[in-house]
Amino acid sequence: MAKLDWELDKETEIIAKAINLARNCKKCEQYPGDSYFKVGTWLKHVPVGYTPDVVIIDKDTREEKLCSSPENIINSLASGNFLQGLVLVILWGNMIRTKNRIYTKSLNEIERVLRDTAKTVRKDGSIKNAWVFLRKKLNWSNVIMSKYLHFQVRALKYNCPGVPTDNLIMKNKLYPDLKKKMRAIPTLSKYNLEPWFDNTHSWQPYNRYMTVIITKVTTIETAS
């Protein structure tokens, strides 16, 4: 399995290395996506005549529902079933209320963009250009881009995929906590922890966020 390439933000990396991020770190499992949605609700987001292949039958109502497990998402994207994969990512990420800001183009155009996105990741071994491409073509937010690309990378069998973001947790918990830890270390006073988010949903803030995560993972692996 190939490793995804990351160009870490140098200043953020220095800050992350100086802070013991591995302390009290607990391993946790990814959200299993135990969410289900009626098939009929989502048929307007896939081509006419399309039949989803990730359907379960509700044991009580006997209704057909989509299952948004990570395995189903990855298998959908790996097989080139991009529109089904996108539906499942939206359901997995609990982004149903904002889906109108995700389906910003026709289904044919979205499918073409997602297909080209997969080709870009495969060609570059990185998601940097794919991120910029998705933002330009579909005007997606940092949240949906991080979630979709996370699964697209795994479908292409790269390890070290980007971590899906949650803006509330990032802005109100993770980023403030790290800034607080910085202030307790005098040697870090000359550095500035640049934001992990901006109004244009650009690549650089997300890359700074991932720099902290990758540095933490590397620290844990080195210590074990």
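The values are calculated or read from the model by the stated rules, or taken from the named source; none is laboratory data. The structure displayed is predicted, hence computed values, not measured ones. Cβ placement follows ideal geometry from the backbone for every residue including glycine, while neighbour counts extend to all protein chains displayed.
For region 171-187, give me each residue that is among the charged types (D, E, K, R) and either more than 11 Å from Ile15 (Cβ to Cβ) or not assigned by TED's automatic domain parsing to the domain that holds Thr12 (or both).
Lys171, Lys173, Asp177, Lys180, Arg183
Please specify each residue of region 77-122 satisfying the condition of being among the small types (Gly, Ala, Ser) and farther than 12 Å from Tyr148 by Cα.
Once the filter is applied, which keeps residues that are among the small types (Gly, Ala, Ser) and farther than 12 Å from Tyr148 by Cα, region 77-122 yields Ala78, Ser79, Gly80, Ser106.
Within the group Ser76, Ser141, Ser68, which residue is in contact with a helix residue (DSSP H, G or I) (Cβ under 9 Å, 6 or more places away or on another chain), modelled with pLDDT of 90 or more and surrounded by 20 or more Cβ atoms within 10 Å (Cβ to Cβ)?
None of the others qualify; the one that does is Ser76.
Given the condition surrounded by 19 or more Cβ atoms within 10 Å (Cβ to Cβ), modelled with pLDDT of 95 or more and not in a helix (DSSP H, G or I), answer yes or no: does some residue in region 87-94 qualify?
No.
Filtering region 124-169 down to residues that are part of a helix (DSSP H, G or I) and free of Cβ contacts under 8 Å to residues at least 24 places away in the same chain, which residue is nearest to the chain's Cα centre (by Cα)?
Across region 124-169, the extreme among qualifying residues is His150.
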